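To keep things clear, I will list the structure first and then write my remarks on it.
Laboratory data are not the source of any read-out in this text; all were calculated from the coordinates shown. In this text, all values refer to a predicted model and were calculated from it rather than measured experimentally. Here Cβ is always computed from backbone atoms with ideal geometry, including for glycine, and neighbour counts include all displayed protein chains.
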Amino acid sequence: MRVVEEFRYPLLFYTGDTDRGILESNDALFKAEVLIMECSFVADGHQERAARYRHIHFDDIAEFANRFENRLIVLTHFSRRYSRGEIRDEIRRRCPAILRDRLRLALPEPFQRL
């Protein structure tokens, strides 16, 4: 057997603790099969706080919704100011349809899916 074409793409991308700049500057993030991404803030009114403390707000993710090609997107590192239900409900309310089926929350069941 002879290899005719070679394909390279990331299987896993983990952002760690970061801000929205990673969405603006890293194309590999959108192409990884599985993306694990920090999303500290989810509520309306916390966008400025997210920017000031260099974290990601869910609205930042929603703004780039059409770029995500990932099979699975796992959001993690939520602020402790929110309950599990608040996190799920806020993201459910703000989530663009194009992301809904691929999004999971790094929370215990029954809070993992929207």
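Every residue, every condition in (1) more than 18 Å from Leu105 (Cα to Cα); (2) surrounded by fewer than 17 Cβ atoms within 10 Å (Cβ to Cβ), yes or no:
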{"residue": "Arg2", "(1), (2)": "yes, yes"}
{"residue": "Leu11", "(1), (2)": "yes, yes"}
{"residue": "Tyr14", "(1), (2)": "no, yes"}
{"residue": "Met37", "(1), (2)": "no, no"}
{"residue": "Arg54", "(1), (2)": "yes, yes"}
{"residue": "His57", "(1), (2)": "no, no"}
{"residue": "Asp60", "(1), (2)": "no, no"}
{"residue": "Glu69", "(1), (2)": "no, yes"}
{"residue": "Arg84", "(1), (2)": "no, yes"}
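If the condition is being of a type in the set (Val, Ile, Thr) and touching a Leu at 6+ places or on another chain (Cβ under 9 Å), then the stretch 15-35 contributes Thr15, Ile22, Val34.
Just name the residue that is surrounded by the most Cβ atoms within 10 Å (Cβ to Cβ) out of those in the stretch 92-109 that are under 12 Å from Phe68 (Cβ atoms) and touching a strand residue (DSSP E or B) at 6+ places or on another chain (Cβ under 9 Å). Looking at residues that are under 12 Å from Phe68 (Cβ atoms) and touching a strand residue (DSSP E or B) at 6+ places or on another chain (Cβ under 9 Å), I get Leu103. Every listed requirement among (1) more than 17 Å from Arg104 (Cα to Cα); (2) surrounded by 14 or more Cβ atoms within 10 Å (Cβ to Cβ); (3) without any contact (Cβ under 8 Å) to a residue 24 or more places away in the chain is met by Thr18 save one, (3). When each of Ile91, Ile61 is tested for being in contact (Cβ under 8 Å) with a residue 24 or more places away in the chain, under 14 Å from Phe41 (Cβ atoms) and in contact with a Phe, Trp or Tyr (Cβ under 7 Å, 6 or more places away or on another chain), the lone residue that passes is Ile91. Contact map, the stretch 33-53: first residue within 13 Å of Glu86 (Cβ to Cβ), second residue of a type in the set (Lys, Arg), Cβ cut-off under 7 Å, separation 6 or more or different chains; pairs are Phe41/Arg49.
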